[in-house]
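Working notes for the structure below.
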Amino acid sequence: MVDLISKINANVIYLSAINLPEALLDKLHRNSILKSSLFSARIEGNTLTLEAVNQKDEETDEKKEVFNLLKAIQFIQQNINFSSQITTKTVLAIQKLVMMNLSGDDGFRQEPSAIFNQAGIAVYITSAPNKIPELIKSLLKYSNSDNEKFPIINAFISHLIFEKIHPFLDGNGRVGRLLIFAILKSKQNSSQFFIPFEEYLDTHREDYYYHLDQGLIHTNDYLLFMLNAFWEQTENTKKIVEEELKKDQPLLTPRQEEILNIICDLKIVSFDQIRRRFMEVPSRTLSYDLKKLMDKKLVAKIGKTKGSYYQKI
C-alpha cells in the first residue's frame, strides 16, 4: 500500500514539475475533467462515448448527466482550495448540480433505502433517514481532519463511508466520487493535473462494486484496489502528456482548435459559416483566430474579398 502511495506521489510531483505551455495545459485539463465526468456517468449505466459527448446535437438525459458532472467539478475547483473545509452545505450543493434537470431528488433522502445487486436483491440496507445529517457531519469531521497521514487514504475511506451512508435517493455514486476529488483538492497543493481515474473504475466496474460492497470488512483490499486505480491513471496521464510534448505542432487555443476542426470537416469554409458557429464571439476576434491559423500554416485563405474561403493546408 505504501509502495503504491509512493508511486502515485512520484507521478504527481513529476506532472507538477513539467513546465507546459498554457494552451497545452488547458487542453489536457479540459480533456481530463471531461473524461472524469463521462466515465463517472458510465459507471452508473450511461452509454455515451467520448465522441458522442463532443457531438453538437440534442442534449439528452445522458448528456445532461455528463455535463452536470462537469459543472460539479468546476464548482469544486472554484470553491475548494488548499486547507478548505468541506461542509454539509458543500456536499448538498454538489448533489444539486449532479442532479440538475434530471430529477427533483435534491437534498438528503426522507425515506428508507437499500442497495440492490443486478438481480434486484437488496445487498445492503442504508442508514435511516433521520440519522443521515449527523452521520454526514461525523464523516466530514474525519474528512477535514489531519488524523490520516496520507490524504489519498482519507479520500478513499471517506468515499467508502459516504456510499455506506447513501444519503441521497439518487446520485450517491457520482457525488461520492466527486468527494474524493474535493478532499484531495483541500489537502494537496502540488498538482496542476486533474487525474480522471473514473476511467479505470468503469473498465473494472464489477471489481469496483465488489470492493465497495466488502469495503468495511476487507478495507485493505478496497484501498489497494482504489490506489492501484489511481496509480494506473497517473501513469496514463504521464503518457498522454509525454505524447503531446513529442508532437511537432503549434499550440492552439480551444476556439482556434474548434475552427480548425470545422475547416477540416467541411474542407472549404466561408467566414460567415464560422461566424454562425460562434455567434457570441466578435467578428474581429474570429478574424484574429483565422489569421493565427494562417500564420501557423494550418489554414489557407482563398480570395481577397468578403467572399473569400478558408481551407486546410
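The values are calculated or read from the model by the stated rules, or taken from the named source; none is laboratory data. All figures in this text were calculated on a predicted structure; none of them were measured in a lab. Cβ atoms come from the backbone with ideal geometry, glycine included; neighbour counts cover every protein chain shown.
Only residues that are touching a residue at least 12 places away in the same chain (Cβ under 8 Å) and among the basic types (K, R) were counted across the stretch 269-313, and they come to 6. I'd like to know if the stretch 102-120 contains one or more residues that are among the polar types (S, T, N, Q), within 24 Å of L70 (Cα to Cα) and in the same structural domain as L227 (by TED's automatic domain parsing). Among the residues of the stretch 102-120, at least one is among the polar types (S, T, N, Q), within 24 Å of L70 (Cα to Cα) and in the same structural domain as L227 (by TED's automatic domain parsing), which makes the answer yes.
Based on what the data block shows, is L48 assigned to a loop (DSSP other than H, G, I, E, B) and assigned by TED's automatic domain parsing to the domain that holds Y209?
Details: assigned to a loop (DSSP other than H, G, I, E, B): yes; assigned by TED's automatic domain parsing to the domain that holds Y209: yes.
Answer is yes for this residue.
Filter the stretch 77-92 down to the residues that are assigned to a loop (DSSP other than H, G, I, E, B) and either at pLDDT 90 or above or within 16 Å of K141 (Cα to Cα) (or both) and list them by number. Once the filter is applied, which keeps residues that are assigned to a loop (DSSP other than H, G, I, E, B) and either at pLDDT 90 or above or within 16 Å of K141 (Cα to Cα) (or both), the stretch 77-92 yields I80, S83, S84, Q85, I86, T87. Taking the listed residues K56, K35, K27, the one that is under 14 Å from the mean Cα position of the chain (by Cα) and at pLDDT below 90 is K27, with no other qualifying.
So, in the stretch 225-249, exactly how many residues are assigned to a loop (DSSP other than H, G, I, E, B) and either of a type outside the set (D, E, K, R) or in contact (Cβ under 8 Å) with a residue 60 or more places away in the chain (or both)?
Applying the first criterion (assigned to a loop (DSSP other than H, G, I, E, B)) to the stretch 225-249 yields 247-249.
Within this subset, residues satisfying the condition of being either of a type outside the set (D, E, K, R) or in contact (Cβ under 8 Å) with a residue 60 or more places away in the chain (or both) are 249.
Residues that pass the stated criteria total 1.
Applying the criterion of being assigned to a helix (DSSP H, G or I) and in contact (Cβ under 8 Å) with a residue 60 or more places away in the chain to the residues of the stretch 250-267, the residue that is surrounded by the most Cβ atoms within 10 Å (Cβ to Cβ) is E257.
Scoring K247 on the criteria (1) in contact with a Lys or Arg (Cβ under 8 Å, 6 or more places away or on another chain); (2) exposed (fewer than 15 other Cβ atoms within 10 Å of the Cβ) leaves a single failure, condition (1).
Given the structure, is K267 at negative phi and more than 18 Å from the chain's Cα centre (by Cα)? No, not satisfied.
Contact annotation: residue pairs with Cβ atoms under 8 Å, 6 or more positions apart or on different chains, pairing a residue in the stretch 185-212 that is small (G, A, S) with a partner that is modelled with pLDDT of 90 or more, are S186/I80; S186/Q85; S186/I86; S186/N144.
Does E65 fit the bill of being under 25 Å from L201 (Cβ atoms), among the acidic types (D, E) and within 14 Å of the chain's Cα centre (by Cα)? Criteria met by E65.
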